[in-house]
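K.L.:
Have a look at the structure that comes next, please.
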Amino acid sequence: MRAVATSLEQVRRITIADVGRDLALVSLLTALTALSAHVRLPLPFTPVPVTLQTFVVLVAGGLLGARMGAGSQLLYLIVASVGLPVIAGPTLFGPTGGYLLGFVAAAALMGHFAARRDWRWAACGALLATLAIYACGVTWLCLLAGLSLQEGLALGVAPFIGGDALKALAALGVIAVGQPTISRFRRR
């Protein structure tokens with residue numbers, strides 16, 4: 001009985017302030033994802049532009065955790081689906097739509113692995129998250145444009161590998177520095 005009482009004392013009560021802080025963090029990462037869509041570099045040989053979104057998606061998962069990171073990307077998709085100009089392409093259902101859908105899974109994967117607070121696990125998370133984005137994006141691109149898998153990989157993955165590796169490294173740095181700060185903010 002004493003163990004149960006001790007456990008109950010350790011359970012943190014969720015307050016309105018806790019929920020408000022979490023909503024603020026989710027909204028902030030949603031807004032950063034939207035802003036990062038407008039930092040774009042169109043490539044003449046593919047309908048998919050280079051953006052900073054993958055960096056923000058990894059940061060969202062790494063800083064907010066699997067559930068809230070995925071929530072920030074789901075909220076981003078909801079905002080995009082109502083027609084606000086927050087995506088790099090013309091519509092949510094254009095050639096970049098699959099990549100955008102992959103953001104939710106990617107943030108969840110990154111959050112899951114980064115929760116271990118070990119750079120090796122976080123690096124695995126970044127790799128798997130990026131692969132999830134590629135898988136969703138290429139599948140969508142192939143279906144939308146009638147491309148073979150080889151063509152889809154050539155247009156939807158190959159041009160982005162180097163830049164995405166750099167964005168993943170930068171995201172890992174931000175996560176390493178930001179996790180303690182976010183933890184302190186959430187405990188207030």
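Computed from the coordinates by the stated procedures, all read-outs in this text should not be read as laboratory data. For clarity, every value in this text was computed on a predicted model and none was experimentally measured. In this analysis, Cβ positions are derived from the backbone assuming ideal geometry, glycine residues included, and neighbour counts consider all displayed protein chains.
K.L.:
With a length cut of 30 Å (Cα positions projected on each helix's long axis) and a Kyte-Doolittle mean of at least -0.5, go through the chain and give me the DSSP H helices that pass.
P.N.:
16-37, 119-145, 161-187
K.L.:
With 10 angstrom as the radius, rank H112, H38 by how many other C-beta atoms surround their C-beta, starting from the fewest.
P.N.:
Ordered by Cβ neighbours within 10 Å, fewest first: H38, H112.
K.L.:
For the chain, what is the calculated [θ] at 222 nm in deg cm²/dmol (nearest 500), taking -39500 (n - 2.57) for each run of four or more DSSP H residues and dividing by its residue count?
P.N.:
-25500 deg cm²/dmol, from helical runs alone.
K.L.:
When only alpha-carbon atoms count, how far does the chain stretch along each of its three principal axes, as whole angstroms with the largest first?
P.N.:
65, 36, 28
K.L.:
What number comes out for the charge environment of G111, summing +1 per Lys or Arg and -1 per Asp or Glu over other residues with Cβ under 15 Å away?
P.N.:
Taking every Cβ under 15 Å from that of G111, the sum is +2.
K.L.:
Sort V48, V174 by Cβ crowding within 10 Å, fewest neighbours at the top.
P.N.:
Going from least to most buried by this count: V174, V48.
K.L.:
Nothing charged except the Cβ atoms of Lys and Arg (+1) and of Asp and Glu (-1): what's the magnitude of the dipole of the chain about its Cα centre? Round to the nearest 20 debye.
P.N.:
With only Lys, Arg, Asp and Glu charged at Cβ, the dipole is about 840 debye.
K.L.:
Got a sec to turn the phi values of segment 85-94 into Karplus ³J(HN,Hα) couplings, 6.51 cos²θ - 1.76 cosθ + 1.60 with θ = phi - 60°, whole Hz, x for Gly and Pro?
P.N.:
x, 10, 10, 6, x, x, 9, 4, 9, x
K.L.:
Determine, for each peptide in 70-77, 133-140, 146-153, 99-106, the mean count of other beta carbons within 10 angstrom over its residues, then list the peptides with the highest first.
P.N.:
Per-residue mean Cβ counts within 10 Å order the peptides as 99-106, 70-77, 133-140, 146-153.
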